[in-house]
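Working notes, beginning with the structure itself.
Every number in this text was worked out from the coordinates using simple rules, so none of it is lab data. Fair warning: this is a prediction, and the values are worked out from it, not measured in the lab. With ideal geometry, Cβ positions are generated from the backbone for all residues, glycine too; neighbour counts draw on all protein chains shown.
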Ligand SMILES: Cc1cc2nc3c(=O)[nH]c(=O)nc-3n(C[C@H](O)[C@H](O)[C@H](O)COP(=O)(O)OP(=O)(O)OC[C@H]3O[C@@H](n4cnc5c(N)ncnc54)[C@H](O)[C@@H]3O)c2cc1C
Ligand code: SF4
Ligand code: SF4
């Protein structure tokens, strides 16, 4: 252990072994660590044993409707962006029993069971992923009613963020102000520095818990040179986003143009498959159904992820409110980018690009927004000219 | 107001506190029409005390079947009696109808924003209901009757498709007998016995007696009916800010967590179901929102 006085506002430099020690330390503190691993040719999140599980020397290449892994020239641990899954499923599981009840002698009893949650540590949380968690916090634990399961899991959660030093071709977190580096919400943040043989990491604590673990690592205070390099890399990532989105006027642009013909144009392409909602780290819609034992006496109410692309989603007696493809795509996109702001005082999009990458027909939320903006602006100019 | 788990997580419990219903017992079932009925619910220990505001709703849960949002339709001054009037349209509402006196029904609530009855004091009141839409407005009628002196002229305009669809027959008859309330009932299609008005409920607006400068209107019914009624009210000089409507969307949780009842920036279960017409008038014109 170092004799350095370790504080929250200081950044330190560590080597690769310290990253391994960090994982060991988390294990010692009884955390189950979830982080990036390679499975089925994608980078997903699952339990991490040691740093050899990480996608070392791999990166992900994104385009609208396409994703593949590629070998890097170096052995970076965090040299990828985002795969199909976010950390969402750990706090907001795709399937969860929310209530159990039982019929006993004609009476219905609610069964109250005590269950405990696993203490989780999320490792390698990209800043957009971190912001997605902060956004879901607003929905599940910062509103009038709270989701107990989410809260329990969230309260014991430890977050290790890794700042991005390279942006992917479908990323636009600079536009959504959710990356490429994190300034809040983490327990520990890491920035990877790789230069020839020199493989180091800038590390800092964001919370007391983070500090406690940091103190167990072999640290040296980061040199000005290292700090400058890290800053430079993050800046370059920020300036080299594959995509961009003008977020300045989205509410007016989208909710003010609900009948814009461009929605029909998108509807011609959209398959209404709901992939975009399933991969999105902020989407929170759910359905609740009863699952009953054969006798009908025992019952569980099971909550599952739902998608605004299904017909049942908006069903009220007589039919779906959003029966057309167009209205369902419009619901999804206006929600992410506009209505979310009224509902939760934040954008519903963190610019991770997943909905673009995993859309089977490559529909691109940033391009569609630009198309509407362009047409609306052109129209406004035309009518201004007509008036003159 | 809300008496269930409002921001109070149950610490030892994962089972979602916000989703735990309280079990009630069915005390009475009254048939209103062929497809509509009213139930009275009582707390399991017999000591019912269910406070609510007019316009709020409960999530009613049938064990092993499902849960649906249903407005509370009793007298807000009598929290010892919990009433719901329900139209059978599908699985859960039919399952509720199959329950018998003594059977149990889960209740979560009350949820949602109420009709602004206190702000409407000192004014003329126009209540316009279509079909089952009279149920969410019945607590308003009770409140007004309990506080008659606080309001000026009261008009209740009620329309159904056919005479056989009229609910709360007895209560309507007794209201008709009062000199301090104007009640008009109309049907879209008459049968041979019907001697009353025929025509959609919007046609009644122009004949009713209110001071447009000093009136609050409460509308509940199918969206299209509320939209045309609001237009008719405005034609009589009523400002959109003085008109209130109750909106309906698919709801799974009733507490703003499931996403189903979004209406652009609004989440109907918690921001509504009652809305000031002025804030939704542009949306209500659009399709598939
Ligand atoms: C705030 C509010 C207050 C209501 N008050 C009343 C009332 O006082 N009396 C009354 O008879 N009805 C009322 N309704 C409508 C009632 O909730 C639906 O008729 C009921 O959900 C239909 O369920 P079902 O399973 O019988 O029908 P199905 O057609 O089998 O519906 C399947 C599921 O879709 C959803 N769903 C279907 N229709 C609606 C709907 N109109 N609104 C919301 N969710 C729906 C429900 O989750 C339902 O379980 C109200 C709706 C809302 C939103
Ligand atoms: S809307 Fe698309 S880009 Fe935005 S957070 Fe969701 S998946 Fe990522
Ligand atoms: S936008 Fe793409 S991913 Fe989303 S529903 Fe349409 S086809 Fe599926």
Exercise. At what distance in angstrom do the alpha carbon centres of segment B:142-180 and segment A:165-224 lie from each other?
Worked result: 67 Å
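Just want the ordering: A:350, A:291, B:200, from fewest to most Cβ atoms lying within 10 Å of their own Cβ.
Working: A:350 31, A:291 12, B:200 17.
In order of increasing Cβ crowding within 10 Å: A:291, B:200, A:350.
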For this session: Quote the FRET efficiency, to the nearest 0.05, computed for residue A:361 versus residue A:72 with a Förster distance R0 of 30 Å and r equal to the Cβ-Cβ distance.
Result: 0.55
Problem set entry | Alpha-carbon spread of segment A:166-271, three principal axes, descending order, Å | 60, 34, 27
Exercise. If each residue's Cβ is checked for other Cβ atoms within 10 Å, how do B:194, B:115 rank with the fewest at the top?
Worked result: B:194, B:115
Exercise. To the nearest whole number, what is the average tally of beta carbon atoms from other chains within 10 Å of the beta carbons of peptide B:260-272?
Worked result: 5
Exercise. By its C-alpha gyration tensor, with a ≥ b ≥ c as the square roots of the eigenvalues, how is segment B:57-216 shaped: rounded for a/c under 1.5, else prolate for a/b larger than b/c, else oblate?
Worked result: oblate
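Provide the convex hull volume over Cα atoms per residue for segment A:231-284, in Å³.
Details: hull volume 8.3 nm³, N = 54.
Convex hull of Cα atoms, per residue: 153 Å³.
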Problem set entry | Degrees separating the helix B:134-146 axis from the principal Cα axis of chain B, which is the longest one | 80 degrees
For this session: Take the alpha-carbon centre of segment A:235-294, take the same for segment B:195-225, and report the distance between them in whole Å.
Result: 40 Å
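Helix-only estimate, please: 222 nm mean residue ellipticity of the protein assembly as shown, summing -39500 (n - 2.57) across DSSP H runs of length 4 or more and dividing by its residues, to the nearest 500. Write down the numbers at each step before the final one.
On the way: 19 runs with 175 residues, N = 677.
Roughly -7500 deg cm²/dmol at 222 nm, from the helical runs in the protein assembly as shown.
Between residue A:235 and residue A:252, what length in nm is gained on full extension when 0.36 nm per residue of separation is reduced by their alpha carbon distance?
Details: separation 17, 0.36 × 17 = 6.12 nm, distance 3.05 nm.
This chain segment gains 3.1 nm when fully extended.
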Exercise. Using alpha-carbon pairs under 8 Å, 6+ residues apart, how would you state the relative contact order of segment A:1-126 in percent?
Worked result: 23 percent
For this session: Would you tell me the mean number of C-beta atoms belonging to other protein chains that fall within 10 Å of each C-beta in A:99-106, as a whole number?
Result: 3
Seminar exercise, completed: Taking only the alpha-carbon positions of segment A:309-377 as identical scatterers, the Debye log10 I(q)/I(0) at q = 0.29 Å⁻¹ comes out as -1.25
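Kindly identify chain A as rounded, prolate or oblate by the Cα gyration tensor criterion: order the square roots of the eigenvalues as a ≥ b ≥ c, call it rounded if a/c is under 1.5, otherwise compare a/b with b/c, prolate if a/b is larger, else oblate.
Working: a/c = 2.07, a/b = 1.16, b/c = 1.78.
Oblate shape, in that a/c is at least 1.5 and b/c is the bigger or equal ratio.
Grab the eigenvalues of the alpha-carbon gyration tensor for segment A:34-138, scale each by 5, take roots, and send me the semi-axes largest first in whole angstrom.
Details: eigenvalues 290, 43, 34 Å².
Semi-axes, largest first: 38, 15, 13 Å.
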Seminar exercise, completed: Exposure-ranked with fewest Cβ neighbours within 10 Å first, A:317, A:262, A:335 stand as A:317, A:262, A:335
For this session: Bin all alpha-carbon pair distances of chain B at 5 Å intervals from 0 and give each bin's fraction as a whole percent.
Result: 1, 5, 12, 16, 19, 17, 14, 9, 4, 2, 1, 0, 0
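Starting from the Cα-Cα distance between residue A:267 and residue A:9, subtract it from 0.36 nm times their residue separation and give me the gain in nm to one decimal. Each step should come with its number before you reach the end.
On the way: separation 258, 0.36 × 258 = 92.88 nm, distance 4.97 nm.
Taking residue A:267 through residue A:9 to full extension adds about 87.9 nm, to one decimal.
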Problem set entry | Alpha-carbon centroids, segment B:36-52 and segment A:23-93: separation in whole Å | 53 Å
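Rg(Cα) of segment A:81-164 divided by 2.2 N^0.38 Å? Show your work: numbers first, answer last.
On the way: Rg = 16.3 Å, N = 84, 2.2 N^0.38 = 11.8 Å.
Segment A:81-164 yields a ratio of 1.38.
To the nearest µm²/s, what D does Stokes-Einstein give for the protein assembly as shown at 25 °C and 0.890 mPa s, using the Kirkwood radius over alpha carbon pairs as Rh?
88 µm²/s
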Seminar exercise, completed: Along principal axes, largest first, the alpha-carbon spread of segment B:134-289 in whole Å comes out as 45, 37, 30
Exercise. Cα axis of helix B:223-235 to longest principal axis of chain B: angle in degrees, 0 to 90, nearest 10?
Worked result: 40 degrees
Exercise. When each pair of different Cα atoms in segment A:107-215 is counted once in the 1/r mean, what is the Kirkwood radius in angstroms, to one decimal?
Worked result: 16.0 Å
For this session: Starting from the coordinates of the alpha-carbon atoms of segment A:110-157, obtain the Kirkwood hydrodynamic radius over all distinct pairs and give the value in Å to one decimal.
Result: 12.1 Å
Seminar exercise, completed: Checked segment A:214-332 against the a/c 1.5 cut and the a/b vs b/c comparison, axes a ≥ b ≥ c from its Cα gyration tensor; verdict oblate
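How high is the FRET efficiency from residue A:111 to residue B:101, r the C-beta distance, R0 35 Å, rounded to 0.05?
On the way: r = 25 Å, r/R0 = 0.73.
The pair residue A:111/residue B:101 has a calculated efficiency of 0.85.
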